[in-house]
Amino acid sequence: SQQGEEDPQALSIQEGENATMNCSYKTSINNLQWYRQNSGRGLVHLILIRSNEREKHSGRLRVTLDTSKKSSSLLITASRAADTASYFCAEGNSGNTPLVFGKGTRLSVIA
Amino acid sequence: DAGVIQSPRHEVTEMGQEVTLRCKPISGHNSLFWYRQTMMRGLELLIYFNNNVPIDDSGMPEDRFSAKMPNASFSTLKIQPSEPRDSAVYFCASSRTGERTEAFFGQGTRLTVV
């Protein structure tokens, strides 16, 4: 299986602060994906970073990838209360194997 | 596109009853995944299909669980007989093979077995 492990398990910050979540993985990857899950909803894809990329931005999201350390980080800048959710990473490839998710990081942004 | 559609959204059933969960993947997606989510075990992959063919069902907890995908636009996950420990949120997701392999999730079915 291709399972990412997120760290920390839970994170609580004030609105306006930045939130950083980390992901470690074990195998060689084609890409690394981050997902978000609001309470009671399905996972929503946030951003995909390819193995030959080191950094990627999307709005207030910044993802980095270090293939030598088999790690990735997700930074949410200027957090908002609406960012409160669980965040998951998963290793992806171009084949047909499924994404396997870790326990995620529960982010709470306090207004 | 309407996204991945799951039904029902909520299901409450008595122990021993048969439960059928349904999923309609996004049109054009050729991979379909069933996941189960609980507080204790997180998000577990149960089974996945490629081009309607079951590829790996090693995550199916017991023989009480079965899944089918009779065509590219429909899949079912059946539990017979159901038990209280099957209570969880069940998600269906679909994706397309290729360079971008992100998965699209349905809203889930919250199953409660009493």
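Going by the conditions given, is B:F91 open to solvent by less than 60 Å² (accessible area, probe 1.4 Å) and within 8 Å of chain A (Cβ to nearest Cβ)? Let's see the steps before the verdict.
Details: open to solvent by less than 60 Å² (accessible area, probe 1.4 Å): yes; within 8 Å of chain A (Cβ to nearest Cβ): yes.
Taking the combined requirement at face value, the residue satisfies it.
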Note to self: Name the single residue that is nearest to B:T97 (Cα to Cα) among those in segment B:24-43 being within 11 Å of chain A (Cβ to nearest Cβ) and buried (at least 18 other Cβ atoms within 10 Å of the Cβ).
What the structure shows: B:S31
Next item on the list: For segment A:60-71, enumerate the residues that are more than 14 Å from A:L46 (Cα to Cα) and buried (at least 16 other Cβ atoms within 10 Å of the Cβ).
Entry: A:L65, A:K70, A:S71
Checklist line | Tally, over segment B:74-87, of residues that are touching a strand residue (DSSP E or B) at 6+ places or on another chain (Cβ under 6 Å) and either at pLDDT below 95 or among the polar types (S, T, N, Q) (or both) | finding: 4
Checklist line | Residue within segment B:94-102 that is within 14 Å of the chain's Cα centre (by Cα), more than 10 Å from chain A (Cβ to nearest Cβ) and surrounded by 14 or more Cβ atoms within 10 Å (Cβ to Cβ) present | finding: yes
Notebook entry, point to check: Consider B:E11 against the criteria (1) buried (at least 17 other Cβ atoms within 10 Å of the Cβ); (2) touching a Gly at 6+ places or on another chain (Cβ under 8 Å); (3) over 24 Å from B:I55 (Cβ atoms): it satisfies all of them except one. Which criterion is unmet?
Noted result: (2)
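If you go through segment B:1-21 one residue at a time, how many are over 21 Å from B:D63 (Cβ atoms) and away from chain A (no Cβ under 12 Å)?
As a first pass, look at segment B:1-21 and keep what is over 21 Å from B:D63 (Cβ atoms): B:1-10, B:12.
Now restrict to residues that are away from chain A (no Cβ under 12 Å): B:1-2, B:7-8, B:12.
The total comes to 5.
The values are calculated or read from the model by the stated rules, or taken from the named source; none is laboratory data. Because the structure is a prediction, the values reported are computed rather than measured. A quick note on method: Cβ atoms are made from the backbone with ideal geometry, for glycine too, and the neighbour counts reach across all protein chains shown. With ligands, DNA and RNA removed, areas are computed over all heavy atoms of the protein, side chains included. Shrake-Rupley method; radii C 1.70, N 1.55, O 1.52, S 1.80 Å.
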